[in-house]
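Read the structure below first, then the notes.
The values are calculated or read from the model by the stated rules, or taken from the named source; none is laboratory data. Keep in mind the model is a prediction, meaning the values are calculated, not measured. All Cβ positions, even for glycine, are placed from backbone atoms using ideal geometry, and neighbour counts span all protein chains on display. Ligands, DNA and RNA are excluded from the accessible area calculation, which covers all protein heavy atoms including side chains. Shrake-Rupley method; radii C 1.70, N 1.55, O 1.52, S 1.80 Å.
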Amino acid sequence: MVKDVLEKAELELYVQESIPNVTHQRFKLHYHVTPPVGWMNAPNGFIFYKGQYHLFYQYYPYDTQWGPMHWGHVVSPDLVNWELLPTALRPGNEQCFSGSATQNEGILVLFYTAHEPINKPPYYSESQNMAFSFDGINFQKYKENPVSLYPPKGAVEFRDPKIWKNGNYWYVILGSKSEDYKGMAFLYRSKNMTSWHFKSVLAKSCGQVGHMWENPDFFEINGKFILLISPKGIINKGDRFKNTYQTGYVIGSFNYDTCKFKPETYFQEIDFGHDFYATQTTEHNGKRYLIAWFGMWDSAHPEDAEGWVGAMTLVRELDLIGSRLLMRPVEAITKLRQKNILQGEFKHNSILKFEKTAEIIVDVDLLVDIELEIVGAYGGDQITVRWNATNDKVMVIRSGDVRQVKWRPLDAFIWRIFLDASSLELFCGDGEVVFSSRIYPSGDWRVINRSRQSLYVLAYTLERSIYKNQSESTESTVKPL
Ligand code: FRU
């Protein structure tokens, strides 16, 4: 117990003392969640608990590369202003891999995979574990870990539990892979969260949807059920599945009595950018929110020179229209708007200049080609955002690497482009098509209208208030993320 308290205090001291000075960081994101120091990957434990949104993340504080997994922790009143809390979970002999959160009688419960070395092939084991908190800040691992929730025969990997409650039961969906190398998702049910019953193979890859499904999620929206998964090993087909790994979804129907899911669509990508993986959703006040790791395994991360690597995307609100899941930037994002830097005509070849952050809203006339060049004042990565009126495709081209997809607006003929110090998110229309890409410019941002005609644009700089307090006052206790 004493050892635990000391180790916790030591880690906090290390984190606080190692937070790099923001003014020396070109790439540090201003309004996205990033690790205070070290490495971040998948979002975990996204939940609204006692008046605040809690978000945890896969975290290794001691290096800018993936290492023994901790759970980092931030909270927010509104899903756009985030505050850093002490690291929630630290590894022991086991690493604390991805998982989710729920609450029971006022207690915040984290449900996660313990990933431990063993001395026979495959040289690691994966079991499901719990941790608790009464105040949403301090967590204790469950003394009886692991919980009794075991893989069915033939499951090769077994991780990333997503927990939720329906009626009198708790449900957990887990990601796995079969011996014949096909991604799978399993469903379990429990009355008490400690003893679990296998209910069904919720879905299995036909062979075309990857060999391992990570970070599965399952929820109802507008009367349909969505299976959201991050498969590894999908083969690239033309414009589709161009990233190392993908995140996407299948729509279907589900029956809580039989626990069977009936898919009604093919697997489709949810985001078309270069850096988007391992999503997690949560529900509050009837709205379903999604966040993702704004990154990708095996990508270069130039921010490592600044002592941190990895980020979360903006939180998006989900909606389902027909067979397309829409992602809209969370409404509260407008609270971050600061200075209006353009309103009206943006002429051919004119340049919009700003330092590190902006929201740029563009009126889109689909009859003509549109092209925006987004670049650093001194070079570095360049992104082109383009509408091709001949084939109805939106494109995001990062230093020659093209991502493109057809877009048919529902009723909003606009683009909302969010630029942060080293990222771009493009929301088309009502969120029918979204691209999320990291980008590393040199110097302040320049956006140039390369379309042949003027565009109509509304643009603001953005800053979150917690971040602002920090950079304005050295006395603030709140650290930028
Ligand atoms: C997803 C993932 C999860 C795993 C975690 C490890 O990116 O690979 O499957 O739990 O990251 O950090």
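Structure notes:
- Any hit, the stretch 29-39, residues being part of a strand (DSSP E or B) and at pLDDT 95 or above: yes
- Hits in the stretch 40-61 (condition: more than 10 Å from the ligand (Cβ to nearest atom), open to solvent by 10 Å² or more (accessible area, probe 1.4 Å) and assigned to a strand (DSSP E or B)): ILE47, PHE48, GLN52, TYR53
- Among the conditions (1) within 16 Å of CYS428 (Cα to Cα); (2) surrounded by 13 or more Cβ atoms within 10 Å (Cβ to Cβ), PHE354 misses just one, which is (1).
Each row is one residue, and each column tells you yes or no for (1) surrounded by fewer than 20 Cβ atoms within 10 Å (Cβ to Cβ); (2) away from the ligand (no atom under 15 Å from the Cβ); (3) not assigned by TED's automatic domain parsing to the domain that holds GLU220.
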site	(1), (2), (3)
ASN138	yes, yes, no
GLU144	yes, yes, no
LYS153	yes, yes, no
VAL156	yes, no, no
LYS162	no, no, no
GLY175	no, no, no
LYS182	no, yes, no
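- Looking only at residues in the stretch 430-450 that are open to solvent by less than 10 Å² (accessible area, probe 1.4 Å) and of a type in the set (Gly, Ala, Ser), the one that is farthest from the chain's Cα centre (by Cα) is GLY431.
- Looking across the stretch 194-241 at every residue that is within 16 Å of the ligand (Cβ to nearest atom) and among the charged types (D, E, K, R), the one that is nearest to LEU325 (Cα to Cα) is identified as ASP217.
- Of the strands (runs of 3 or more DSSP E) lying entirely inside the stretch 242-312, not one carries at least 2 residues that are more than 19 Å from GLU425 (Cα to Cα) and within 16 Å of the ligand (Cβ to nearest atom).
- Residue in the stretch 67-79 that is among the polar types (S, T, N, Q) and within 16 Å of the ligand (Cβ to nearest atom) present: no
- Some residue of the stretch 83-105 being away from the ligand (no atom under 16 Å from the Cβ), modelled with pLDDT of 95 or more, aliphatic (A, V, I, L, M) and open to solvent by less than 20 Å² (accessible area, probe 1.4 Å): no
- Restricting the first member to the stretch 203-227 and to residues that are touching a residue at least 12 places away in the same chain (Cβ under 8 Å) and assigned to a strand (DSSP E or B), and the second to residues that are of a type in the set (S, T, N, Q) and away from the ligand (no atom under 16 Å from the Cβ), no beta-carbon pair is closer than 6 Å while six or more apart or on different chains.
- Screening ARG416 with (1) open to solvent by 10 Å² or more (accessible area, probe 1.4 Å); (2) under 19 Å from ALA292 (Cβ atoms); (3) in a loop (DSSP other than H, G, I, E, B) gives one miss only, at (3).
- Count of the stretch 396-413 residues which are among the charged types (D, E, K, R), assigned to a loop (DSSP other than H, G, I, E, B) and touching a residue at least 24 places away in the same chain (Cβ under 8 Å): 1
- When residues of the stretch 164-193 are limited to those that are among the charged types (D, E, K, R) and in a loop (DSSP other than H, G, I, E, B), the one nearest to ASN215 (Cα to Cα): LYS182
- So ALA9, is it open to solvent by less than 10 Å² (accessible area, probe 1.4 Å) and either farther than 20 Å from TRP293 by Cβ or in contact (Cβ under 8 Å) with a residue 60 or more places away in the chain (or both): no
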